[in-house]
Structure formats: C-alpha cells, structure tokens
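So the structure is just underneath, and the comments pick up after that.
The values are calculated or read from the model by the stated rules, or taken from the named source; none is laboratory data. No experiment lies behind these values; they were computed from the predicted model shown. FYI the Cβ positions are ideal-geometry reconstructions off the backbone, even for glycines, and counts take in every protein chain you see.
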Amino acid sequence: DIQMTQSPSFLSASVGDRVTINCKASQNINKYLNWYQQKLGEAPKRLIYNTNNLQTGIPSRFSGSGSGTDYTLTISSLQPEDFATYFCLQHNSFPFTFGSGTKLEIK
Amino acid sequence: QIQLVQSGPELKKPGESVKISCKASGYTFTNYGMYWVKQAPGQGLQYMGWINTETGKPTYADDFKGRFVFFLETSASTAYLQINNLKNEDMATYFCARAPYFDYWGQGVMVTVSS
C-alpha cells in the first residue's frame, strides 16, 4: 500500500497568513492527489483534484502543486472560514490512501 | 445540486449488525460508483472499497473482507453499507463518496459500539 505522510499535524495561523500543508507519498503517485477540507459534522469538501486543479466554486486562494512523491496545498491568505482540518488522498493505485490530516487552528 | 445524504447515528452492541444508507441526488446514480471510507476516532481515513452502481458488484479492500457488505437499492438511488457481527474496532464514522473521483461525499454516519 502507498503510505501518505502528511505534515504538519497541527498548524496555528492568523487571518491573512499564507500556509502550506504537505503530503509525501511512499512512491510515485503520478499527480493523482486530491486535497479536502473537513469541518465537524459536515461532508468533506474537495478543494483540489489531480494535484493542481481547483474544484469549481472553491476560492482561488487555494492552490496545489507537486509531482512524483511530494505534494503541497497552499492557502494564500487565510480567511476565518478556512480554519478546519485538511487531508490529502492518493487515487493512483488501490487501495487508495489518505494523509493523516492537518488541523488548522486560529492563532 | 449533487448531494449524498447519509442516515443518522447508530448505537449498537457488539455482535449486532448495522445498516448505513447513502442516498444520492442531482445526478444519474448508475453512472458513478460509490466508495466507502472509515474514519475511526482520532485516526485517519481508511478506504473500504467500492460498489459498481451499474452492475451491483462490490469490491472490498483487504481489511474489509468478510463482515462488510455493500449493496444497492437502485430504484431509490441509494447505496448501503452493512456491518455484521460488530466489534469495538468498528466504532467510527463511515462516509460514502462518489466514484471514481471522490468529488462528492456524504456527511458521515457515526457508529457507536458499546455493550
């Protein structure tokens, strides 16, 4: 199975900050990497698909990059509604695997 | 708009069974498969497998072969996850998500297993 190592696990930041979250795969996942935002009791929301494609309706302050084994989600200027948990998903090969999540908190 | 709406929380005893539903709307149900994902308390997400909504054929990840059953009620655009012989380690939130893109997810169903 492909292991997804996500970092950091916790991130404390302020409104307006630029933040980055990373996912490292144990092998090449050919850019088949999605990013999600999860809030308590809600359905996870897809932000980015296949590394760098912005989901329709998601603000442009969210962006993704990467290749091979290393991938990054960037939020360019944090807004109050962005404080949530974020996770990555590799869908290059079965079984699909997830990062362990990053909880983004208000500083 | 596309929605996956799951059933409510469940409280079960060890050894019992639970059936979780995932009702799809806003698209043609049989054009997209359905994934199931487990999120145990304080742990990450785990892929359980998927069901082909056109044929009804389920495919289970290795950790979910045996007690876990995926099935459909196509006329109601609903996918189901049934867990038989519940164990403490089944206590988790279970999500459905649209295949093949994981683009839309249900809100999750919390299953509590307690004697």
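Among the strands (runs of 3 or more DSSP E) contained in the range A:23-107, which hold 3 or more residues that are touching a residue at least 12 places away in the same chain (Cβ under 8 Å) and away from chain B (no Cβ under 14 Å)?
Because the criterion is at least 3 residues that are touching a residue at least 12 places away in the same chain (Cβ under 8 Å) and away from chain B (no Cβ under 14 Å), the strands (runs of 3 or more DSSP E) in the range A:23-107 that meet it are A:62-67, A:70-75, A:102-106.
Specify which of the listed residues (B:TYR47, B:TYR35) is buried (at least 16 other Cβ atoms within 10 Å of the Cβ), free of Cβ contacts under 8 Å to residues at least 24 places away in the same chain, within 18 Å of A:HIS91 (Cβ to Cβ) and touching a strand residue (DSSP E or B) at 6+ places or on another chain (Cβ under 7 Å).
Checking each option against the conditions leaves just B:TYR47.
Being within 12 Å of chain A (Cβ to nearest Cβ), surrounded by 13 or more Cβ atoms within 10 Å (Cβ to Cβ) and touching a residue at least 60 places away in the same chain (Cβ under 8 Å) is the filter here, so list the residues in the range B:61-100 that pass it.
Matches in the range B:61-100: B:PHE95, B:CYS96, B:ALA97, B:ARG98, B:ALA99.
Looking at the range A:74-90, is at least one residue touching a helix residue (DSSP H, G or I) at 6+ places or on another chain (Cβ under 7 Å) and modelled with pLDDT of 95 or more?
Yes: one or more hits.
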